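Chemist: Have a look at the structure that comes next, please.
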Amino acid sequence: MSRMIPVRLLPAALCLAVLTACSVDRAKMVAYEPVDAYSWDAAERLVFDLGPVPAAGDYGLTLNVRTTTADVFPFKVLYVEVRQQWNASKESLVDTVACTFQHDERQASGISLHQYAFPFSRRRCQAMDSVRLTVRHLMRKEEITGIDNVGVELVPAD
């Protein structure tokens, strides 16, 4: 005889399944900030607070950049400074990330945003560790175009 869930318990079982599925992604932390696609100024700093991490372990940091076809990014590489301020160790780190973009036929096909991911750092974190990331571009031109938004991601490393 097979065991079936009574109909009256079905809503509770579905809620439990949804909560269980959501808890798997709790370790992945992502945040985005919009940038003026027509004029991202070199003085503008984007600030992201990520964490706390749910468990001790190795975590990777990735810079995510979305370019727009509304005003195309005029260079092949975007240089970005990422400052890390970790709360548990009070440690500060500075990375320069070289974001290389692929310009291809897709820009004429009607797609308005292109997503790029640039892993740049890996760190052993303690449980409840968190980080503040400050991002700014390092291009010689004070105002750049074609970047729609910038994000950062902290995920458990494989």
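Chemist: Give me the extension gain from D36 to D71: residue separation times 0.36 nm, minus the current Cα-Cα distance, reported in nm with one decimal.
Modeler: Result for the pair: 11.5 nm of gain on full extension.
Chemist: For the range 50-158, build the charge dipole from Cβ charges (+1 Lys, Arg; -1 Asp, Glu) around the Cα centre, then report which of H114, V135, F73 sits farthest towards its positive end.
Modeler: V135
Chemist: Length gain on complete extension for the stretch S92 to L138, per 0.36 nm per residue less the alpha carbon to alpha carbon distance?
Modeler: Between S92 and L138, full extension yields an extra 14.7 nm.
Chemist: Could you compute how much accessible surface M29 exposes when probed at 1.4 Å, giving the result in Å² to the nearest 10?
Modeler: For M29, the solvent-accessible surface is approximately 20 Å².
Chemist: Separate question: Determine the sum of side-chain charges near N64: Lys and Arg each +1, Asp and Glu each -1, restricted to other residues whose C-beta is under 12 angstrom from that of N64.
Modeler: Neighbour charge sum, excluding N64 itself: -2.
Chemist: Can I ask one more? Just how much of E81 is accessible, in Å², when a 1.4 Å probe is used and the result is rounded to the nearest 10?
Modeler: Ignoring ligands and nucleic acids, E81 comes out at about 20 Å².
Chemist: As a test of reading the structure, rank T96, T145 by solvent-accessible area (1.4 Å probe, protein chains only), most first.
Modeler: Result of the area sort, largest leading: T96, T145.
Chemist: Separate question: So what is the accessible area of the range 39-79 per residue, in Å², with the probe set to 1.4 Å?
Modeler: 42
The values are calculated or read from the model by the stated rules, or taken from the named source; none is laboratory data. All values reported here derive from a predicted model rather than from experimental measurement. With ideal geometry, Cβ positions are generated from the backbone for all residues, glycine too; neighbour counts draw on all protein chains shown. Heavy atoms of the whole protein, side chains included, go into the accessibility calculation; ligands, DNA and RNA do not. Shrake-Rupley method; radii C 1.70, N 1.55, O 1.52, S 1.80 Å.
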